[in-house]
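Single-structure report; data block below.
Derivation of every value follows stated rules applied to the coordinates shown; laboratory data play no part. Everything numeric in this text was worked out from a predicted model, so none of it was measured. Neighbour counts run over all protein chains shown; Cβ positions are idealised from the backbone, glycine included.
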Amino acid sequence: MGGVGVFVCHCGENIGKSVDCVRVAEALRQHPGVSHAVDYKYMCSEPGQALMRQAIQEKGLDAVVVAACSPHMHEKTFRKAMAAAGMNPFLCEMANIREHCSWIHDDREEATQKAIALTTSTVERVRHNRALETIRIPIERRALVIGGGVAGIQAALDIAEAGYEVLLVERQPSIGGHMSALSETFPTLDCSQCILTPRMVEVAQHPKIRLLAYAEVEELSGYVGNFVATIRRKARSVIAERCNGCGACLERCPVKKIPNEFEQGMGKRSAIYVPFPQAVPNIPTIDREGCLRFKARARGSTKEPCGKCVEACGRDAIDFDQSDEIITEKIGAVVVATGYELYRIAQDQPPESPQLQGYGEYGYGEVPDVIDGLHFERLASASGPTGGKILRPSDGREPKTVAFLQCIGSRDPAKGMAYCSKICCMYVAKHATLYAHKVHDGQPVVFYMDVRAGGKGYEEFVRRTIVEDRAQYIRGRVSRLYRAGDKVRLHAFDTLSAEPVILDADMVVLATAVRPRSDARALAQRLQISTDENGFFREAHPKLRPVETNTAGVFLAGACQAPRDIPDSVAMASAVAGKVVGLFAKEMLEREPIVAMVQAQLCIGCFNCERACPYGAIEHVTLDDHGATREVARVNPGKCMGCGTCQAICRSKCVELEGYTDEQIFAAIMGL
Amino acid sequence: MKRVGFYPGCTFRSTAKEYDMSLLPVLERLGIEVVELPDWSCCGATSAHVTQELLSVALPARNLAIAEAQGFDTILAPCAACFSRLAVAQRKMAERPALAQRVQEILDRPFGNSVKVINITDFLISHLTEIGASVTTPLQGMKLACYYGCLLVRPHGVAHSDDPEVPTSMERIVAATKATPVKWNMALECCGGGMSFARTGSVIRLGRAIVDDARAAGAQALVVGCPMCHNNLDLRQKAMEKGRETKPPIPILFISQVVGLAMGMAPKSLGANLHFVSTRDFMETLARLDRALPETATHKATNKEVG
Amino acid sequence: MARDKHPPETLRDHLKAETGIDVRTCYQCGKCSAGCPMAEEMSLRTHEIVRLFGDNRLERLLQDDSIWLCLSCETCSGRCPNACEPAQVIDHLREIAGQQRGALGPRKVRAFHQAFLKQIYAHGRVFELGLVMGYKLRTGAFFSDITVAPGIFTRGKLSLRPHRIEAIAEVRQIFERCGVWDSPPGEDEA
């Protein structure tokens, strides 16, 4: 019998309230070319789909139009139903009479007329649809994990355990990230390194994980299942295969006063260094800006001073002539786990974030004994610069009153960050507890606005800090602080007891905002993913697709997407691993055949399409046109995302999007 | 001579007479001719803005309109409070067209809100090189506490060229005179503003904290850019000592007096004997310092070659 | 939004319509009160004033003297994380209070401002001796400041005669058109 089948959905009250679906079906029944038109309460339900299948089989329909919700919701559903009925799924189109009609109009008559018009238009369009075959592409079953913090480590291990190869790239000389710098973690007060280092070692030893520390991803090209990553392995000036991690070079190095980044500048390291004793890999790196020999070379000197590390090394592993190595790897999926950095209250803010302000009222970071959370972690760490003793940076004395200020930068639209950094309420309670335990006559005072303790065991932890560990919690933000004698004076207000508070503290710890890394935007561009209004990497959907990005095959794990604590970062990493393993478990990658096609004969080779294509999907090919050769465009169906920009911009009208040809579109317009 | 529009304010020739006596000669030495706005009227100060917003904008707007008619694009208001009222009026009218319209209707004068207002510290900073060049008797390390008070730095959108929490403009001017600005904590704390009569107790309490901190930081004098601040810290300083052991007094100098001293002007000519807290000790210490300019480099080199 | 089309009714709506400031953004962090130089003398502190303002509690606010103690130092507005401009909120309240005869603040503060404005109305500029006299007569505080008074005269810092500007009618017209007074209040008016 043939013809087009039309199915009008009431969607319960959603459509039925504003649109008279019965009339729509009636009207369509009269339309030439429509051989079947019915309405039904819920087309997406099993009985609804059965109606479709039945009609297709009974009437031998050529094509189907479902007038219902947005294709975003149910196009997949109905196309599957088509396939189940033995028809090519691309012969089914949806007319959106919900989001585009019933949800936005009140007048029933007008809405019904519009629904009829929309459905008629779609019927005219679908008559020009062709059967299209899903495109299948091969998958490279190797994952690239960018970032070796706890999230990257977890993702790498989970993917490797599933049997797939992982390439873990970390920019620092050692993996571990911020978690390796923490003293103890909330709410269990586990020693951070004690729980992390076994995982770090597992990563280094796992047969399926290739660890590239002190390396960075320079470029990522390609598409899901078929990426090519260009990675720069930075020169440590140490030959990794020969080094056995004995540490003799570190001891002999005469340059010993470089502020150690791992210790937040409070401890010193040598020019050839390992960032912390439990580093993985435990291979030293030469800091070329601190090393005497490299500095001489940079000055243009021909002399080669020092070299004590070479003398000390029993394995001839130092190589001053080592240079960066660029490698390329084929990758099927990318996990971004690059973490966060902390906001600094200085007057000079990073130029890539022009909206940020510093805190002049807190001294712009120049007041001695005013430190941030990471500094405190190093003070509290048994392996830190003070051996775990809480001592003031200015004079090394034990502070008897420590003020902890929450929300420094966070929840502060005036300073450019309106969001909550999520982890600070908890780590401040932890800091107050650790301080109270270590200094028995010490008084922790916490200045807060709210206390957000939503995780498992978190609320109980904070209550213990207040009730058992004598932390004094004052609800009120500090207006200003300054140095008064050898103390830091804070002007605050207790909003609960309605009294002004002027506190002379020995030390102040600021809970500064969790921010995206300053190079996040640059990395996003390299990976072709987006950032959100605060600069964090953007997820595909905040509720339902939190670990994916809008770029297929690139996933997000950990604090690089939003402020996040350790349990949630680990959970997210495992979730990402699930996505990656799910991708790799397929035989071939299937993708929609909505891709552009160039009619090579008509192409004039202007390559406007190449300039316009956001996905780099246009290739140059040579066409032999009756003996004369010329360069024309060709669309790579793997990279093409079906946006249609090339079709719009093509001068000679030789590019068309399968499923959105000019014919189909004109038919739809004329059918209105 | 460079000409600049000038809004003196009601106290300039009376209770802030020292400011008048010192600022005009300093400006003249810098090659600036001040042109007082003809028939200017009071900016309304605090009393207008606590009574009605429209009045508090209309009264300054009259003066801005006069300045505009005189062809000035910028006017200098040496009193920080007058500056604030004029600049706030200017900004409010720029941001709120409905308000500007109402003011225009009240004024009966053509007015395009095109005049900008500048305060004393921003003005002197823009002439920092000339100030440095005109110093003949440097203040040779005299310790001065720079007191901004409120209205030279707040609101930030109005008093905009210096940082509202860590300002440096007054320190840079003081440094140009070779005096030493001290590091202290009360530079931005309010002196009590216009409450000198109505809440004298508050003014004394606030002033005491300011003067005590300047003293603790080793300041030999406190520098201000506002007649109200001067009044609160100078005239009321004796009362701050009531009920406690008297502390050494800290004279309160206008920034123009400081610059004038460095230019070699006599203290009396700068109004230094009109203060309530005597400036005599300060001036005597200053006089005893060797205040000759250092030898020039060429002179030194010649000596070397000869020797 | 449809809601904003209705005429402003609440304090919050009125302030927002006039100035764009929205006190709903205040989350009561207390930073304003923490930096307020008059906090220790006020019974209602800055953040409480903003809270009550947002709750439309005009009566409560006008029963209290606190808004008249504000020095307009703008420390609160400068540090507020939500740009609620507490100093503007307080000025707005003072203007409303002035319009309602029954709520006019502490006598000395009120007297000072009346005396000050009267000077401008009378002369165009503040004649300080006149200001002080007007203030003293209103408050009866004849003997305070008596120790400093001679000093001001001997230093030539107070002129004995006011200077009246030429365009005084223009200034008076400003007062009248603003609706502040039709004629200045007499000396005995409180």
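Just a few scattered comments:
- Dipole moment magnitude, nearest 20 debye, chain B about Cα centre, only Lys, Arg, Asp, Glu C-beta charged: 600
- Over segment B:2-118, the Kirkwood radius and the radius of gyration, each from Cα atoms, give a ratio Rg/Rh of 0.98.
- Overall form of chain B per C-alpha gyration tensor (a/c, 1.5; a/b vs b/c): oblate
- The C-alpha atoms of chain A define a longest principal axis, and helix A:150-161 lies at about 60 degrees to it.
- Karplus-derived HN-Hα couplings along segment A:39-51 (A = 6.51, B = -1.76, C = 1.60, θ = phi - 60°), whole Hz, x at Gly and Pro: 10, 7, 4, 9, 5, 6, 6, 4, x, x, 5, 5, 4
- Annotation: amide H-H contacts under 5 Å for A:VAL8 (H modelled 1.01 Å from N, sequence separation of 5 or more, or interchain): A:VAL38, A:ASP39, A:TYR40, A:ALA67.
- Secondary structure note: in the protein assembly as shown, about 45% of the DSSP beta bridges are antiparallel.
- Loop-located GluC sites (Glu not before Pro) across segment A:70-137 with a Cβ neighbour count of 13 or fewer within 10 Å are A:GLU133, with loop assigned by DSSP.
- Cα-based convex hull, chain A, per residue volume (Å³, whole number): 219
- With contacts taken as Cα pairs under 8 Å and at least 6 residues apart, segment B:177-267 reaches a relative contact order of 31 percent.
- Peptides A:244-256, B:148-160 ranked from most to least packed, by the mean per-residue count of other Cβ atoms within 10 Å: B:148-160, A:244-256.
- Listed residue pairs exceeding 30 Å between alpha carbons, taken from A:LYS579/A:LYS639; A:LYS76/A:LYS639; B:LYS116/C:LYS136: B:LYS116/C:LYS136
- In nm, spacing of pseudo-spin labels at C:GLU59 and C:GLN173 (7 Å Cα→C-beta vector): 4.3
- Computed E for B:GLU28/B:THR74 - FRET, C-beta separation, R0 22 angstrom, nearest 0.05: 0.75
- Degrees separating the helix A:424-438 axis from the principal Cα axis of chain A, which is the longest one: 20
- Applying 1/(1 + (r/R0)^6) with r as the Cβ-Cβ distance of A:THR622 and A:ARG651 and R0 = 35 angstrom yields a FRET efficiency of 0.95.
- Put a dot 7 Å past the Cα of A:LYS295, heading toward its Cβ, do the same for A:GLN599, and the two dots end up 7.0 nm apart.
- 222 nm mean residue ellipticity, helices alone, for chain A (DSSP H n ≥ 4; -39,500 (n - 2.57); rounded to 500): -8000 deg cm²/dmol
- In terms of packing, defined here as the mean over residues of other Cβ atoms within 10 angstrom, the peptides A:423-432, B:62-71 line up highest first as A:423-432, B:62-71.
- Fraction of the pair-distance distribution of the protein assembly as shown above 41 Å, Cα-Cα pairs, percent: 61
- Cα-based helix-to-principal-axis angle, A:458-467 vs chain A, degrees rounded to 10: 30
- Average partner coverage of B:35-45, which counts Cβ from other chains inside 10 Å: 5
- Rounded to whole Hz, the Karplus (6.51, -1.76, 1.60) HN-Hα couplings of segment B:229-239, x for glycine and proline: 4, 4, 4, 5, 8, 9, 4, 8, 5, 4, 5
- Taking Lys and Arg as +1 and Asp and Glu as -1, the other residues whose beta-carbon sits under 12 Å from that of A:TYR482 total -2.
- Peptide-level mean, for B:262-269, of C-beta atoms on other protein chains within 10 Å: 0
- Considering only A:ILE286, A:GLY360, A:PRO350, the residue lying farthest towards the positive end of the dipole of segment A:269-379 is A:ILE286, judged by Cα position with unit charges set on Cβ.
- Anchor A:LYS456: lysines whose Cα lies under 21 Å away (excluding residues fewer than 8 positions away in-chain): A:LYS422, A:LYS430, A:LYS543
- Packing here is the average count of other Cβ atoms within 10 Å per residue, and on that basis the peptides A:27-40, B:85-98, highest first, run B:85-98, A:27-40.
- Three-way shape label, segment A:151-210, alpha-carbon gyration tensor, a/c 1.5: prolate
- Less than 5 angstrom separates the built amide H of A:ILE272 from those of A:ASP287, all sequence-distant by 5 or more or on a different chain.
- In Hz, Karplus ³J(HN,Hα) per residue of segment A:648-660 (6.51, -1.76, 1.60; θ = phi - 60°; x = Gly, Pro): 6, 9, 5, 6, 9, 6, 9, 10, 9, 8, 4, x, 9
- Approximating the spin labels as points 7 Å out from Cα along Cα→Cβ, the C:ALA83-to-A:ALA418 distance works out to 1.0 nm.
- Cα gyration tensor shape of segment A:87-149, rounded if a/c is under 1.5, else prolate or oblate by comparing a/b with b/c: oblate
- Close amide H pairs (under 5 Å, H built 1.01 Å from N) link A:TYR473 with A:VAL446, residues at least 5 positions away or on another chain.
- Bridge orientation summary for segment A:361-478: considering DSSP beta bridges with both residues in this region, about 10 percent are antiparallel.
- Take each residue in A:492-500, count the other chain C-beta atoms within 10 Å of its C-beta, and the mean is 6.
- Net charge dipole, segment B:150-203: roughly 160 debye, given to the nearest 20, about the Cα centre with Cβ charges of +1 for Lys and Arg and -1 for Asp and Glu.
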